[in-house]
Structure formats: structure tokens, C-alpha cells
1. Using semi-axes √(5λ) of the Cα gyration tensor in Å as the read-out, say which of (1) 38, 28, 17; (2) 64, 28, 22; (3) 28, 23, 21 was calculated from these coordinates.
2. Mean residue ellipticity at 222 nm from the helices of the chain, using -39,500 (n - 2.57) per DSSP H segment of n ≥ 4 over the full residue count, to the nearest 500 deg cm²/dmol?
3. What angle do you read, to the nearest 10 degrees and between 0 and 90, between the alpha-carbon axis of helix 209-228 and the longest principal axis of the chain?
4. At a 4.7 angstrom Cβ threshold, list every cysteine in the chain that has nobody to pair with, or say none.
5. What is the distance in Å between the Cα centres of the range 187-234 and the range 125-183?
6. Could you tally the net charge around THR123, taking each other residue with its Cβ under 13 Å from the Cβ of THR123, Lys/Arg +1 and Asp/Glu -1?
7. Scanning the chain for chymotrypsin sites (Phe, Trp or Tyr not before Pro) in DSSP loops with at most 16 other Cβ atoms within 10 Å, what's the longest stretch left with none?
8. Near GLY6, within a Cβ-to-Cβ distance under 13 Å, what is the net charge of the other residues, with Lys and Arg +1 and Asp and Glu -1?
Amino acid sequence: MCSGFGAALDTGECCGACETDPDKNICPLGFWALSTVIERHARTRDPGDLKEGAFRFQVRNAEQRDPLPVLEGSLLGASDRADSMDPTAVTGLYETLSEFYPDPKPPPVIRDWNDWSAAIKATRRNLLVLLPHHYSREGFEILEIGKDAGLKADIIKTKHVVYDENSAPIVLLIGCVTAFGRISFDSFIRRFHEAGASVVVGTVSTILGRHAGPATGILVSEIIEAAKQGDGTMGVAMLKARRRLVGQGYPMSMGLSGYGGADWKLDAGGD
């Protein structure tokens, strides 16, 4: 690693060592995930498939969209596997969220999908944080919270995401390969989007369960910091979070992918 590796992650500026001696220096900013705001979109179920070689433009004016009110409360749901190796992994994240959201304080960690849907309706939160276990069974992709509470991708509904037709929460799916779907309609990313999420953050690789909680805490802190700046965006928050995670030794950072408009502005929702 180059001598300016840590500084590059902090500032976003290359020290130049990789240019003077590229064979002996690795610059973190050489990776797009650590140097560039990347925007991804899950394919939607528009009538008719695009033929090979075809493309589609999607035009959205960020200035005409209401900012996402990320400080109006959060929910946390988790698989038992998330704290099986480190018993403080989930409770530590809950305490972090409670510091960010003291009023209203998040409900206790949710371990059942029926309880999750009920909490969304009752508490009307705009940041939905999930540390699920992802597995495949009999051809279906399944997200599990708690011990045995599994939810198939194809039955994700609005009740799992929004509290009314005007809400558009950010959904964090921090588990193993949550951005993966062997077939397009089995994609968790796509299903959560179609159910009303504005942005869905997933992973393109397996991760260590004990890393999920602490890494998610860092991601949430960057989302909130961007909101407090007044003109921060989801794309910039993702970029800064990846840099911090790499600097603190979480390689899963390189597999974090945000789906949805990178130019969504984040609103602190008050003081």
C-alpha cells in the first residue's frame, strides 16, 4: 500500500506515489468504489423485455424531489446469525441507532417478519435496517430474520417497506449477497424498490456476520452526517462510508452497492 493510503481514504486525494512507482504502490482511489459516486438501478418490470443491444433512458430531476427524511426514525431487524459469533454485534448496532435516534427511540430489535410489518405501520420510520441471513431453498431466494422467520423474495410487499403511499424509506440489507437474484423477479433489491423503497443498499458478496453490525453503524453515521450538511446526497454518503470501512479493516465495504438515485438529497428533518 502507498504511504498515503490512510490519508487518501480520509481526504479523497491521491498522494501521487502510485504514479511515480505504480509497480510498488497500491492507491485506494484506484478502485471506483472508493473514488467515484456509483449509481445502480434494479431492472423494473416494465411491459415487454428490452431486446439485446437495446437500452432505456431514465430521467429524474433531483431538484424536484423531496429530500429523504432520514432522521425521522429507524427500525432494526436481524437474524440470530448476525450475533452468533459476536453477541454484541446486533446490540451494539441497536445502541448506535438509539444514539442517532433518541426521540423517538427505535423499537427493540425485530426478529419476525409479521412484527416487522406491524412496526412499520405503527412507528412510521424512514430508515429500515436489516441484518438478514440470505439462503436459497427449492429454487427460492429467502431472507431470514430471527431464527426461522424466512421471507421469500417474491412475496415482499408494501407492508414490509412503507407505512403509506407517500413514504419512500431507505432500506439497508446488510447480509450475504443480498443484491443477488438468480432470476430477475427473485431480486431482493428489485422487490424492495417495487414495494416503495427509494434506495436499497445490498451486498454483492458474502460477509462475516460479526462485521455486519459495526459496518452498518458506520454506514448509518455517514447517511446522517450527509443529511445534517443540508445538501448531502445518498451517493456521497455511500462513497464516504466505503472509505471509512476500508480504513477500519472491513473488506465487505467493497461489496456494498446502493441501488436507486445517487443524487437523492438527505434531509435531517429538523435540528
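1. (3)
2. Mean residue ellipticity, 222 nm, calculated: -8500 deg cm²/dmol.
3. It works out to around 80 degrees.
4. Unpaired cysteines in the chain: CYS2, CYS14, CYS15, CYS176.
5. Computed from Cα coordinates, the inter-centre distance equals 13 Å.
6. Combined, the nearby Lys, Arg, Asp and Glu give 0.
7. Here the longest run is 58-271.
8. Charge balance in the 13 Å sphere: 0.
The values are calculated or read from the model by the stated rules, or taken from the named source; none is laboratory data. Note that this is a predicted model, so its numbers are computed, not measured. All Cβ positions, glycine included, derive from the backbone under ideal geometry; neighbour counts span all protein chains shown. Side chains included, ligands, DNA and RNA excluded: accessible areas come from the protein's heavy atoms. Shrake-Rupley method; radii C 1.70, N 1.55, O 1.52, S 1.80 Å.
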